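The values are calculated or read from the model by the stated rules, or taken from the named source; none is laboratory data. Everything quoted here is computed from the prediction, not taken from an experiment. With ideal geometry, Cβ positions are generated from the backbone for all residues, glycine too; neighbour counts draw on all protein chains shown. Calculation scope for accessible area: heavy atoms of the full protein, side chains included, ligands and nucleic acids excluded. Shrake-Rupley method; radii C 1.70, N 1.55, O 1.52, S 1.80 Å.
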Amino acid sequence: MKVGIIGAGPVGLYAAYRLVKEGYNVVLFERADTVAGNVRSWSFVKLFSSLDLNIRDEVRQTLEGAGHRLPEASEFLTGGEFITKVLEPLGTWLLASGKCELKTSCEVLGIGRGRLLKSDAIAAIGDKRRFGKAFRVLFRDRVKNEEAVETSCDVLVDASGTYDPATANRVGIGGMAAPGEGAAEAAGVLRRVIPDVKDADLNLVAGKRVGIIGTGYSAITCLRNLSDLAREGSQSAPTEVCWMTRNAPDKPPYQIVENDPLPQRSELAGFGNRIAQHSANSGDDTKSLWGATRFQYIPDMAVAAMQQLPQGGLKLSLELGEDGKEERQLELDALFSLTGFQPDKALWSELQVHMCYASDGPMKLAQSLLAAKVAMEGDPAAAGDCLSQAAPGKETLLNPEPSFYVLGMKSYGRNSTFLMRVGYEQVDLLMEHLASSS
């Protein structure tokens, strides 16, 4: 049996590892020119979780047995360190196994099932023709600039994640793109992934008016890095930073998890709440955090429109308050929209995948996540804590499309509480399911 995996990130690589260990042949598709392309785009960011949560003991033992020296389990690595010290060695081991073909620079464009159309062979009414039928995986080799089809996969796993500017959430009212948003992105004034403002993207913020939209940990990491530049009095510091959120003005942007086992997360959350409060109540206090850089926090806002300015930069038209009756204009040189991501559903468009109408994730897992959230609503911090999440059971991995599985961040749809450890647990459940159904 041959298994195809889309995405050679942490979860995809671990899935390949487990499958190879159990004797399966694997073909691994990765859009980037080497493993972990998405992780490389945030290589400067330090992980919240220590390495023991991001690598399974058996993988550590295998890699150390192959002569690789891994960091201590208690270390907190950057994305780049995680690649060079863990993920690249794992990719090397997979290639040396002789059981895994790694197709780098290969972007999957679509998936089909033999010669069947999406409306053909519905198992729920007794038509079993999809069972045992090989998948058709259309992909583009980005080096050769050629398209080809892989037709030998009996099982297919989509572990491609959601971290991509193309699938980033738009910032306009109601989740739509604001008028002018697409043009601003095309011009490079608006960017949708976390920038490395201390190094590679320094030129985007030095001496500039910078806007940040979002209340996730990418947004607050970016704000913390900008604050560091400002406090140090660096010539690379921005002249102005404006943080915009949809949060109510009378509530802190972040919930603090009591006795948080991830101290870096709590420290960032506390920083976010502190700068929001200081901006609202005591402007002078912001000097200790922002030096000469002017900082303002604008909550309860929606972006009504964007317009590029003739001299460069961007003018935002904002609607404030729950009813949006108050309006405000804001001029910026650079805007970072760090508002989360959603899955690329186009890959599945010719498969029978039951998706949640609210989260865009596979329905069975989405139902389980919603039930867990409702059960914990008495403890809001726990409901939003990724460490409280666990892979609910192998039945939540199943789709109407037989032998097709969505694992990792993409399986959570628009839900942002995913943890890498949960992806590994999903892989373990998949292995149990394959063993029981073989």
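Within segment 202-213, does at least one residue satisfy the condition of being under 28 Å from Gln352 (Cβ atoms) and in contact (Cβ under 8 Å) with a residue 40 or more places away in the chain?
Initially, segment 202-213 is screened for residues under 28 Å from Gln352 (Cβ atoms), giving none.
Within segment 202-213, not a single residue is under 28 Å from Gln352 (Cβ atoms) and in contact (Cβ under 8 Å) with a residue 40 or more places away in the chain.
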Check: Only one of Gly378, Gly361, Gly384, Gly393 is out of contact with any Lys or Arg (no Cβ under 6 Å at 6 or more places or on another chain), open to solvent by 70 Å² or more (accessible area, probe 1.4 Å) and either modelled with pLDDT under 85 or under 25 Å from Phe131 (Cβ atoms) (or both); which?
Finding: Gly378
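Identify all residues within segment 142-161 that are farther than 21 Å from Lys99 by Cα and touching a residue at least 24 places away in the same chain (Cβ under 8 Å); write none if there are none.
The answer is Arg142, Val143, Glu147, Gly161.
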Notebook entry, point to check: Taking segment 190-234 on its own, how many of its residues are closer than 19 Å to Gly172 by Cβ and in contact with a helix residue (DSSP H, G or I) (Cβ under 9 Å, 6 or more places away or on another chain)?
Noted result: 9
Check: So which residues in segment 97-137 are hydrophobic (A, V, I, L, M, F, W, C), more than 29 Å from the chain's Cα centre (by Cα) and surrounded by fewer than 17 Cβ atoms within 10 Å (Cβ to Cβ), if there are any at all?
Finding: Leu117, Ile122, Ala123, Ala124, Ile125, Phe131
Next item on the list: Quickly run through segment 1-20 and pick out the residues that are open to solvent by 10 Å² or more (accessible area, probe 1.4 Å) and in a helix (DSSP H, G or I).
Entry: Pro10, Val11, Arg18, Val20
Notebook entry, point to check: Only one of (1) open to solvent by less than 40 Å² (accessible area, probe 1.4 Å); (2) under 24 Å from the mean Cα position of the chain (by Cα); (3) not polar (S, T, N, Q) fails for Leu202. Which number is that?
Noted result: (1)
Item checked: So Gly80, is it open to solvent by less than 60 Å² (accessible area, probe 1.4 Å) and over 21 Å from the mean Cα position of the chain (by Cα) -> no
Next item on the list: Give segment 178-200 a look and list any residue that's under 19 Å from Met244 (Cβ atoms) and either polar (S, T, N, Q) or assigned to a loop (DSSP other than H, G, I, E, B) (or both), or say none.
Entry: Ala178, Pro179, Gly180, Val189, Arg192, Val193, Ile194, Pro195, Val197
